[in-house]
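I have a structure I would like to understand better, so I am pasting it below and will then ask my questions one at a time.
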Amino acid sequence: MSPPSSSSSPSALEREHAAFLAAYPTYAGTTAIDEVRATEFRRLDDQHLVYLDYTGGGLYPESLIADHAAFLTTHVLGNPHSVNPASALSGSLIERCRAHILSFFNASADEYDVVFTANASHALKLVGEAYPFEPGDQLLLTFDNHNSVNGIREFDRAHGATTTYVPVEPPDLRVDGSGLERLLDELPNRTAPGGRHLFAYPAQSNFSGVQHPLEWIAAAQGRGWDVLLDAAAFVPTNRLDLSRVHPDYVALSFYKMFGYPTGIGCLIAKRDALQKLHRPWFSGGTITVASVQSDRHFLAEGAAAFEDGTLDYSNIPAVDAGLTFLEHMGVDLVHERVRCLTGWLLDALSSLRHGDGARLVTIFGPLSTEERGGTIAFSVHDTAGSVLSHTAIETSAAQSGIALRTGCFCNPGAGEVALGLSPGELDRCLAASGDRMTKDDFGQCLDGGESPGAVRVSLGLASTFADAHAFVTFLRRFLA
């Protein structure tokens, strides 16, 4: 399979492919994925599209859409809040999918429950708005977090709790483990009755690809913290085994894993952790009894108390099918393929040099595949070292049939450290902004140009060497 939009001759591609296989011999054991790519994702090659935005959104296999369409046209589904045949079928399919999710992540049904949500952000919001923060409680976040996690600080501050951030350190953008342990130990009311303290972090950074240790979960819990794990960027290409690690709350989106449906995620939560949450409102489907005249309501038990309104019962069966697709492909096989391609891309990007020897690319994050995933963020430089416009690179890539992403990817903490933005200049800029600020305003405020950002490519279940090679070939046009 030759890369679209590549200026290299086939012989050059073949030579580089042979060198790649020599450097990453385990890639040869993932060739079953090439057959899946040729059948389930052939639209990529038909349209000459190089897709490198899997962290932004996964791709759906053709069979998932065809089978789901056939299912919908041969079954009658109804609102599950009833016992009529159409409703009963929807209800049974929802519960089957709930059980499949627990099985996929090796989670005990005695320990965990599954709350269906619109996406990972919705799952994170459910925890943030309902976590029983009080004055003296703590929210501990890493700099490296998606804004949907950062936003939880607004809930804890509204209840008088305190937010603390753990920095990441360049160039790898990892957290200093000793610094984290010190902050986990600094819990002023560890033994106070009713004290609640929440530690939230991503299993994998959506900015740099760094994989933060899952061992932090038990370390934090042993010190009196509840743990919220953002697994959205991790689970598409890595195995999360909830029989080995036991976070209190896990948030994820299914479209990140297999592309469809785009409107369903879930919160996997310990049953006792769900009981700690205090919902700030109730809605249809979340209560057993509500009275207008008596002005009282009684929440449902478990997951039902958090699933507002009617679930997306027509699409939840597609989640069940998508998990089956991933199981047939093999998460470990996808993981190994992505690891090999990521390693080659890191090597290739690091080796790109201008004629005077200056680096073309600066990578933000680890330069090896150890404890990192298939997300790579970087900047592109001219021979003088000046950073080329990331938006211009995105536009040029789009014109070449390459799908990638630029910006800070809703992860300002990692982005600020990677791009060298100091607290002082950020404070001066944001303090002068008033109540509103656009991205253009932000860019003008900081350096008189575009909003700061990076270029990001990410690999996933349908990625091939030809995709990675085509992107490196594209970047070579910026060499001077």
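Whole number please: convex hull volume per residue of the Cα set in region 113-202, in Å³?
Value for region 113-202: 113 Å³ per residue.
Quick one: Karplus J couplings for region 353-369, per residue in order, coefficients 6.51, -1.76, 1.60, θ = phi - 60°, nearest Hz, x for Gly and Pro?
Computed from phi, the couplings for region 353-369 are 10, 5, x, 8, x, 5, 5, 7, 10, 10, 8, 9, x, x, 9, 10, 8 Hz.
May I pose another question? May I ask you to list the chymotrypsin sites (Phe, Trp or Tyr not before Pro) in region 241-327 that are in a DSSP loop and have at most 15 other Cβ atoms within 10 Å of their Cβ?
W281, F282
What list of ³J(HN,Hα) couplings, whole Hz, do you get for region 140-154 from phi and the Karplus terms 6.51, -1.76, 1.60, once you set θ to phi - 60° and write x for glycine and proline?
Couplings: 10, 10, 8, 3, 7, 8, 5, 4, 5, 8, 3, x, 4, 4, 5 Hz.
From the convex hull of the Cα coordinates of region 330-436, what is the mean projected area in square nanometres?
Averaged projected area of region 330-436's Cα convex hull equals 9.8 nm².
May I ask for the angle, rounded to the nearest 10°, between helix 10-23 and the longest principal axis of the chain, with both axes built from Cα atoms and the value confined to 0 to 90°?
Orientation of helix 10-23: about 60 degrees from the principal axis.
Okay, moving on. Could you list which residues have their amide H under 5 Å from that of T142, counting only those 5 or more apart in sequence or on another chain, with H placed in the peptide plane?
Counting only residues 5 or more places away or on other chains, the set is V166, A200.
Find, among the GluC sites (Glu not before Pro) in region 333-419, those assigned to loop by DSSP (not H, G, I, E, B) with at most 11 other beta-carbon atoms within 10 angstrom.
E370
Report the calculated FRET efficiency for L299 and E425 (r = Cβ-Cβ distance, R0 = 30 Å), to the nearest 0.05.
Given R0 = 30 Å and the Cβ-Cβ separation, E is 0.05.
Oh, and also: Which ³J(HN,Hα) values in Hz, rounded to whole numbers, follow from the phi angles of region 119-125 under the Karplus curve 6.51 cos²θ - 1.76 cosθ + 1.60, where θ = phi - 60° and Gly and Pro get x?
5, 5, 4, 5, 4, 5, 5
To the nearest 0.05, what FRET efficiency results for S283 and N84 with a Förster distance of 35 Å applied to their C-beta separation?
It comes out at approximately 0.95.
Report the one residue of A18, T237, G56 whose Cα lies farthest in the direction of the positive end of the charge dipole of the chain (charges on C-beta: Lys and Arg +1, Asp and Glu -1; origin at the Cα centre).
Positive-most Cα among the choices belongs to A18.
For the chain, give the magnitude of the charge dipole about the Cα centre (Cβ charges: +1 Lys/Arg, -1 Asp/Glu; no others), in debye to the nearest 20.
The calculation lands at about 200 debye.
Could I ask something else about it? Give the cross-link partners of K276 among the lysines, using a straight C-alpha distance below 23 Å as the criterion and excluding same-chain residues fewer than 8 apart.
Partners found: K125.
Related question: L388's amide H: which non-local residues (gap 5+, or another chain) put their own amide H closer than 5 Å, with H modeled 1.01 Å from N in plane and none for Pro or chain starts?
Counting only residues 5 or more places away or on other chains, the set is V380, H381, D382.
Over the chain, what is the mean sequence separation of C-alpha contacts under 8 Å (at least six apart), divided by residue count, expressed as relative contact order in percent?
Computed over the chain, the figure is 23 percent.
Here's something else I'd like to know. Rounding to the nearest 20 debye, state how big the charge dipole of region 67-327 is about its Cα centre with +1 on each Lys and Arg Cβ and -1 on each Asp and Glu Cβ.
It works out to roughly 220 debye.
Would you mind checking the radius of gyration and Dmax of the chain based on alpha-carbon positions, in Å?
Gyration radius and largest Cα-Cα distance of the chain: 23.6, 80 Å.
Explain nothing, just the number: dipole magnitude of region 310-454 about its Cα centre with +1 on each Lys and Arg Cβ and -1 on each Asp and Glu Cβ, in debye rounded to the nearest 20.
Magnitude of the dipole: close to 280 debye.
How big is region 67-327 in terms of Cα radius of gyration and Dmax, in angstroms?
Just the Cα atoms of region 67-327 yield Rg and Dmax of 19.0, 61 Å.
Using Cβ contacts closer than 10 Å as the measure, can you line up M257, M437 from fewest to most?
M437, M257
If you find the alpha carbon centre of region 145-187 and of region 21-72, how far apart are they in angstrom?
36 Å
Put +1 on the Cβ of every Lys and Arg and -1 on every Asp and Glu Cβ in region 67-327; which of V76, N150, S108 then has its Cα farthest towards the positive end of the dipole?
Of the candidates, V76 comes out farthest on the positive side.
Please list the non-local residues whose amide H lies under 5 Å from the amide H of H81, H modeled 1.01 Å from N, same-chain partners needing a gap of 5 or more.
Here the answer is none, since no amide H 5 or more places off falls under 5 Å of that of H81.
Using only the alpha-carbon atoms of region 59-218, report the extent along each of the three principal axes, biggest first, to the nearest angstrom.
Projected onto its principal axes, the Cα set of region 59-218 covers 58, 40, 28 Å.
Every number in this text was worked out from the coordinates using simple rules, so none of it is lab data. Here the structure is a predicted model, which means the values were calculated and not measured. Cβ atoms come from the backbone with ideal geometry, glycine included; neighbour counts cover every protein chain shown.
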